[in-house]
Each structure stands twice: as C-alpha cells, then as structure tokens.
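S.K.: Sharing a structure with you now.
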Amino acid sequence: MTTADPVTSPALAGLLAGPVVPAARGLLGCRLAAGGVTVRITEVEAYAGTAGDAASHAYRGRTPRNAVMFGPAGHAYVYFTYGMHWCVNVVTGPDGEASAVLLRAGEVVDGTDAARARRPAVRRDVDLARGPARLCAALGIDRSAYGLDLLGDGPVRLRPPVAPVPAAAIEAGPRVGVTGAHDVPWRFWISGDPAVSDYRRHVPRARR
C-alpha cells in the first residue's frame, strides 16, 4: 500500500488528534508497514505526557529526545532502550500537549520472509513482532524513523484496520516496564490474540 485510503485516513487522523486513551484503543488492528513488512497491531500502551502521567517520557517537559511528542499527531516517536532496542510510538493529541501510544506487539501479515531475515533466531512466526523491540526489529525501524509522518506515504506507514476491533474484544491492564504509574490500566490488547506479548508485572528494585 502506497497511498492513504481517502475515506478512512481522515478518520484515523482525527482519532489520533484526540485524547490518548481512545487513540490507543483505536490503534488496535491498524497496520504498520516498513521495510517490506506489514504488522497488524495487537497491543499498545498509552502515555499522557505532561498531563500528570509519571510514566511518560514527557512528564517533566520538552527535551530534545521527546520533542516530537508535542505534535503534530500521527508522527513517530522512536527511542532507544536498554542500550540495545528500538521502540516506536504514535504521537497523539492536540499540538503542544505531549502524548503518545507505544506499539507493544503485532502480527506480521505481509513480508514474513523479510521479517524472518531480520530475526533469524525466531522459531514461530507469531513471535516475530510479539513485543515492542521485536516489532521494531521485524519492521527494520530505528532512529531514522523519528519524527516521520506515519499517515503519509513515507518509509513507515500507518493505515486503518481492515475491520475495526470490537470494543468487547479489547482488554485493558497495567503498563509494563515503567517505574512510575505502572498500575495505570492503559495497556490495551486484542483478547485472545496469540501475538500479544507476555505480561510481567512491575517489581520495584530493593533499596540498598
């Protein structure tokens, strides 16, 4: 797919320009394409930026790292974590109000061979993009995608789902791997989908 759907892309753009939680839920089932691979998004996490969300990278304000989170919506916020992994977020909300949705997991629906070439140690296709770092690795997303307009026709493209995910098929729970506000139930996933990542509850580090 090289062009935006003339009917549904405005609806997706409008959804992303609104509050982060509805945007996160609406991203489930959407398709993200890059590097010859397309992934159907099965799990996301919402982060509300400066709006009292201590888990957000923008909680303490604008920095060179998080600047893209302040808008416009529909752009990519990519960051490096644990010294080895890339993660990709979709910026949401009105300009100037930082928020973003982390794409936590997906199912490779096109370009499986290309995804496997990037992740040769993976045994099962369902595990190719099952986790935020795995998703980026399967798609070949890295720092070069930072700030890209995902709703345009660039190298990384976000498109609406083939069919919307019913509200009854969406589950919610605590976020993963964050120290602040980790019990906020802003992780959303498609119920029963095998491509959803394993949940590991946050465990605070013991003080020395």
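S.K.: Report the relative contact order of the range 31-151, percent, no decimals, based on alpha-carbon pairs under 8 angstrom and at least 6 residues apart. Write out the running numbers ahead of the final one.
M.R.: On the way: 291 pairs, mean separation 37.4, N = 121.
After rounding, I find 31 percent.
S.K.: Something else about it: Leaving out ligands and nucleic acids, and using a 1.4 Å probe, what accessible area per residue does the range 86-133 come to in Å²? Numbers along the way, then the final one.
M.R.: Numbers: 2050 Å² over 48 residues.
Each residue of the range 86-133 exposes 43 Å² on average to a 1.4 Å probe.
S.K.: As an exercise, use a Förster radius of 45 Å and the Cβ-Cβ distance of Val109 and Arg65 to find the FRET efficiency, rounded to the nearest 0.05. If you can, show how the numbers build up before the last one.
M.R.: Details: r = 31 Å, r/R0 = 0.70.
Rounded to the nearest 0.05, the efficiency is 0.90.
S.K.: While we're here: Please report, as a whole percent, how much of the solvent-accessible surface of the chain comes from carbon and sulfur atoms (probe radius 1.4 Å). Write down the numbers at each step before the final one.
M.R.: Details: 5590 of 10110 Å².
Of the solvent-accessible surface of the chain, carbon and sulfur hold 55 percent.
S.K.: Would you mind calculating the gained length between Ala13 and Ala117 on full extension (0.36 nm times residue separation, minus the Cα-Cα distance), in nm to one decimal? Could you put the intermediate results ahead of the total?
M.R.: Values: separation 104, 0.36 × 104 = 37.44 nm, distance 3.23 nm.
My answer for the length gained is 34.2 nm.
S.K.: I would also like to ask the following. To the nearest 20 debye, what is the magnitude of the charge dipole of the chain about its Cα centre, counting +1 on the Cβ of each Lys and Arg and -1 on the Cβ of each Asp and Glu? Before the final figure, lay out the partial values.
M.R.: Values: 24 positive and 18 negative charges, 185 e Å.
Dipole size: approximately 880 debye.
S.K.: Related question: Classify the range 4-124 from the C-alpha gyration tensor, please: rounded if a/c falls under 1.5, else prolate or oblate depending on whether a/b exceeds b/c. Mind dumping the intermediate values first?
M.R.: Values: a/c = 2.23, a/b = 1.36, b/c = 1.64.
Because a/c hits 1.5 or more and a/b fails to exceed b/c, the range 4-124 counts as oblate.
S.K.: Compare the Cα positions of Ala24, Leu102, Ala55 along the charge dipole of the chain (+1 at Cβ of Lys, Arg; -1 at Cβ of Asp, Glu; about the Cα centre) and return the one farthest towards the positive end.
M.R.: Highest projection toward the positive end goes to Ala55.
S.K.: Something else about it: Net charge near Trp189: determine it from the other residues with C-beta under 13 Å of the C-beta of Trp189, scoring Lys and Arg +1 and Asp and Glu -1. Each step should come with its number before you reach the end.
M.R.: Working: positive: Arg25, Arg40, Arg104, Arg130, Arg175, Arg187; negative: Glu43, Glu45, Glu107, Glu171, Asp193, Asp198.
Summing Lys and Arg as +1 and Asp and Glu as -1 gives 0.
S.K.: Identify which of the listed values of semi-axes √(5λ) of the Cα gyration tensor in Å was calculated from the structure shown: (i) 23, 21, 17; (ii) 32, 20, 15; (iii) 38, 20, 15.
M.R.: (i)
S.K.: Just the C-alpha atoms of the range 84-156: what Rg/Rh do they give, with Rh taken as the Kirkwood radius?
M.R.: Working: Rg = 13.3 Å, Rh = 13.2 Å.
Reported Rg/Rh (Cα atoms, Kirkwood Rh): 1.01.
The values are calculated or read from the model by the stated rules, or taken from the named source; none is laboratory data. Every value quoted in this text rests on a predicted model; they were computed, and no experiment measured them. Glycine also receives a Cβ, built like all others from the backbone with ideal geometry; neighbour counts cover every protein chain displayed. In case anyone asks, the SASA skips ligands and DNA or RNA and just uses the protein heavy atoms, side chains included. Shrake-Rupley method; radii C 1.70, N 1.55, O 1.52, S 1.80 Å.
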